[in-house]
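See below for the structure under consideration.
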Amino acid sequence: MNTQIYLMTPPQIPDLEGFAADLDAVCQAQEIASLQIRLKDMGDDEITRVFAKLAPIARAHGAIVIINDNPHLALELGADGVHLGQSDMAVKAARKLLGSNMVIGATAHNSRHLAMCAAEDGADYVAFGAFFATATKKTEFVATTDLLQWWVEMMEIPCVAIGGITPENVSSLVKAGADFVCLSSGVWNTTSEPLDAINDLAKQLGC
C-alpha cells in the first residue's frame, strides 16, 4: 500500500470560512485519507461548529473525519472516529462506547510497548512520533524510522507517522514504510499556499 495522507487541522482556526475553502482545494487536488479535527484549546461548542463546516467537505472527497481526544463528542457528532492520546480514555473503553464501526487511533509516541498494547486493545491504527521538530505541539518524544520499519514488518494494523512532516522530509518516512503521514503545519502554516504544499508532498509520495 502506498503511503497515504492524513491531515490534521491547525490548533486554532480563526477564519473558518477561509480554512474551509483551503481544505476543499487541498482535497480536490490530492486524495486525503482522513482529517483529524484537533482543537485542544477549544470547547465542545466550537469543535461542533468546526466539525459541521469541515466534515461535509472532507467526506465529499472521500476522507473520514476524526475527532481528537473525546470519544463521547465523536459519538455525539457522528464522526467517523476518534484519536486517543495516552491521557485520554483507554482504547478498550472507547471501543466499548463506540462499537466496532468507528475508527479508533492511538498515540504510541516512540514506544513499541504502547503501540502493541493499543493494537491488542482494539485500535485501528497507531501513531508514532514526533519524527521531526514541530510547531504544532511541544516535542516530548522523538521517534526514528527504524520504529516504523519494525512495525510494518511485525503488525498488520496501520501506522501513522506524525510530527513536523513536510514535503522536504517526508521521503524517509515513506521509505521506512509508514502507512500514513500526518500533516498539519507542513500544509497549513508554510510560506507557500496549502495547495502548493499538498501538491509538493504528493510528488514525494508518488501520487
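Bear in mind that the values in this text are calculations on the coordinates, not laboratory data. These numbers come from a predicted model, not from an experiment. Using ideal geometry, Cβ is built from the backbone for each residue, glycine included, and neighbour counts are taken over all protein chains shown.
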All positions within the range 154-182 that are in contact (Cβ under 8 Å) with a residue 24 or more places away in the chain and assigned to a helix (DSSP H, G or I) = 171, 172, 173, 174, 175, 176
Count, please, the residues in the range 86-100 that happen to be within 18 Å of the chain's Cα centre (by Cα) and exposed (fewer than 14 other Cβ atoms within 10 Å of the Cβ).
-> 2
Search result, residues across the range 119-134 that are buried (at least 21 other Cβ atoms within 10 Å of the Cβ), in contact (Cβ under 8 Å) with a residue 40 or more places away in the chain and in a loop (DSSP other than H, G, I, E, B) = 131
Return yes when residue 38 is crowded, with 18+ Cβ neighbours inside 10 Å and basic (Lys, Arg) and no when it is not.
-> yes
Pull up the range 25-35, narrow it to residues that are out of contact with any strand residue (DSSP E or B) (no Cβ under 6 Å at 6 or more places or on another chain) and crowded, with 16+ Cβ neighbours inside 10 Å, then point me to the one that is nearest to residue 56 (Cα to Cα).
-> 27
